[in-house]
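The next block holds one structure in the form of structure tokens; read it before the comments.
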Amino acid sequence: MSSAKLFPFVAIVGQERMKLALVLNIINPTLSGVLIRGEKGTGKSTAVRALAHILPKIEVVDECPFQLPQGDPQGVCPECPRLDCSRRVMAGEPVPTVQREIRVVELPVGATEDRVVGTLDLEQALKKGEKRVEPGLLAAAHRNILYVDEVNLLDDHVVDVLLDSAAMGVNTIEREGVSFSHPAQFTLIGTMNPEEGELRPQLLDRFGLCVHVEGLRDVERRVEIMERRAAFDINPDGFTALWAEASQKLVERIETARTLYPQVTVDRSILFHIASYCLEVGVDGHRADIIMLKAAKTNAAYEGRTSVERQDVDIAAELVLPHRLRRRPFMDIMESSSEVQRGITGTKG
């Protein structure tokens with residue numbers, strides 16, 4: 001994909017919470033994805049594709065349907081449909097690899113479960129005892145970004161499958177007692193317009209982070225958007241070059257954060273702070289506490305620190321809690337965000 005056709009991620013005006021949520025999920029895919037709610041034309045898809053384009057390339061076995069690097073300990077090569085590659089791996093022979101950009105795998109609204117998960121050839125399995133697999137979109141999404149536009153219009157069961165795989169990092173295809181598993185570690189990004197219908201609360205809760213975006217209300221910033229877009233349309237290469245240094249700095253910061261994340265420590269007082277947040281705003285269950293902890297640690301790593309501070313928890317709360325609150329009739333997520341802010345004030349008091 002040509003950089004001349006992609007608006008630079010770092011040149012997007014405003015939408016700071018959306019950009020932060022995307023970056024945190026790139027650093028730590030175990031955050032279970034981000035749901036971006038809001039109006040059309042607010043840069044949602046532009047941000048997703050632009051971020052994928054500036055990320056470091058990954059090494060994959062040439063034509064591997066599961067996007068595996070050579071020697072992946074979680075690999076599925078013995079059962080892979082590409083028999084020659086499987087034979088070479090089993091024999092300890094090297095296989096050809098290629099370097100390629102991280103991809104944005106898009107899931108269409110009408111996708112069936114088989115298209116998402118993949119299928120097994122039962123006749124081959126029953127007659128010959130061999131697992132012949134037709135990989136689905138989750139195989140293509142491994143080590144990439146899975147982008148679901150209008151996720152609220154998908155079948156609930158398909159959304160459940162996506163969220164299960166995002167949380168577990170594994171996809172399992174099961175048909176008539178025959179099963180096959182492969183790695184499915186991806187960054188899940190869903191977008192939706194609330195005017196077209198909401199997700200069920202049970203599904204909302206499964207998304208790690210959620211942000212609400214809307215058009216900017218400041219005149220000067222709206223003018224800045226027009227000016228940048230006009231400059232990009234006139235000379236895409238020149239405009240992209242102006243932002244190349246800032247893009248590279250962001251990439252280096254993400255790579256550093258990925259390395260730093262396992263070293264981030266959390267004082268027990270911070271755990272009490274997180275628990276107090278969740279009790280203050282009245283979320284159900286314990287998923288919010290766990291995701292808040294992960295998000296706070298990831299933000300600390302993104303800021304270049306090896307210990308979580310209260311400001312990391314405050315940021316995590318704004319991304320993790322609003323879509324998990326028990327909402328009263330006719331109360332929307334924007335009002336929930338206000339309650340989270342009041343919770344932030346309360347826990348600081």
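The values are calculated or read from the model by the stated rules, or taken from the named source; none is laboratory data. For clarity, every value in this text was computed on a predicted model and none was experimentally measured. All Cβ positions, glycine included, derive from the backbone under ideal geometry; neighbour counts span all protein chains shown. Accessible surface areas use protein heavy atoms only, side chains included; no ligands, DNA or RNA. Shrake-Rupley method; radii C 1.70, N 1.55, O 1.52, S 1.80 Å.
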When the stretch 159-171 is checked residue by residue, the ones that are touching a helix residue (DSSP H, G or I) at 6+ places or on another chain (Cβ under 8 Å), open to solvent by 10 Å² or more (accessible area, probe 1.4 Å) and not small (Gly, Ala, Ser) are Asp160, Val161
Could you pull out the residue among Arg222, Arg228 that is among the charged types (D, E, K, R), more than 24 Å from the chain's Cα centre (by Cα) and open to solvent by less than 90 Å² (accessible area, probe 1.4 Å)? Arg228
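State all residues of the stretch 231-241 that are touching a residue at least 12 places away in the same chain (Cβ under 8 Å) and open to solvent by 80 Å² or more (accessible area, probe 1.4 Å); if no residue qualifies, say none.
Asp237
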Is it the case that some residue within the stretch 181-190 is surrounded by fewer than 20 Cβ atoms within 10 Å (Cβ to Cβ) and farther than 27 Å from Pro56 by Cβ? yes
Filter result (open to solvent by less than 10 Å² (accessible area, probe 1.4 Å) and either modelled with pLDDT under 80 or not in a loop (DSSP other than H, G, I, E, B) (or both)) within the stretch 33-54: Val34, Leu35, Ile36, Arg37, Gly38, Ala47, Val48, Ala50, Leu51, Ala52
Return the only residue of Leu216, Leu250 being open to solvent by less than 40 Å² (accessible area, probe 1.4 Å), in a loop (DSSP other than H, G, I, E, B) and among the aliphatic types (A, V, I, L, M). Leu216
Could you go through the stretch 334-345 and let me know if any residue there is surrounded by 13 or more Cβ atoms within 10 Å (Cβ to Cβ) and either outside any helix (DSSP H, G or I) or modelled with pLDDT of 90 or more (or both). no
Between residues in the stretch 28-48 that are farther than 18 Å from Glu224 by Cβ and residues that are open to solvent by 10 Å² or more (accessible area, probe 1.4 Å) and among the acidic types (Asp, Glu), which pairs lie under 6 Å by C-beta distance while being six or more apart or on different chains? Gly38/Glu214; Glu39/Glu214
On the given criteria, is Thr42 over 14 Å from Ile254 (Cβ atoms) and in contact with a Gly (Cβ under 7 Å, 6 or more places away or on another chain)? yes
Does any residue in the stretch 256-280 that is touching a residue at least 40 places away in the same chain (Cβ under 8 Å) and on the phi > 0 side of the Ramachandran plot come within less than 8 Å, Cβ to Cβ, of a residue that is among the polar types (S, T, N, Q) and open to solvent by 90 Å² or more (accessible area, probe 1.4 Å) six or more places away or on a different chain, and which pairs are these? none
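This table checks each residue for (1) among the hydrophobic types (A, V, I, L, M, F, W, C); (2) closer than 29 Å to Pro56 by Cα; (3) over 27 Å from the mean Cα position of the chain (by Cα).
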{"position": "Pro262", "(1), (2), (3)": "no, yes, no"}
{"position": "His286", "(1), (2), (3)": "no, no, no"}
{"position": "Lys294", "(1), (2), (3)": "no, yes, no"}
{"position": "Asp314", "(1), (2), (3)": "no, no, no"}
{"position": "Val320", "(1), (2), (3)": "yes, yes, no"}
{"position": "His323", "(1), (2), (3)": "no, no, no"}
Among (1) in contact (Cβ under 8 Å) with a residue 60 or more places away in the chain; (2) on the phi < 0 side of the Ramachandran plot - the single one Ala296 does not satisfy: (1)
Could you please let me know if Val23 is closer than 21 Å to Leu188 by Cβ and in contact (Cβ under 8 Å) with a residue 40 or more places away in the chain? yes
Mind checking which residues of the stretch 72-104 are modelled with pLDDT under 70, outside any helix (DSSP H, G or I) and open to solvent by 70 Å² or more (accessible area, probe 1.4 Å)? Pro73, Gln74, Arg82
Condition first: more than 25 Å from Tyr302 (Cβ to Cβ) and either at pLDDT 90 or above or open to solvent by less than 90 Å² (accessible area, probe 1.4 Å) (or both). Can you find one or more residues in the stretch 272-280 that meet it? no
What number of residues within the stretch 295-311 are open to solvent by 10 Å² or more (accessible area, probe 1.4 Å) and small (Gly, Ala, Ser)? 2
Checklist (1) at pLDDT below 80; (2) open to solvent by 60 Å² or more (accessible area, probe 1.4 Å); (3) over 25 Å from Glu198 (Cβ atoms) applied to Glu113, failing item: (3)
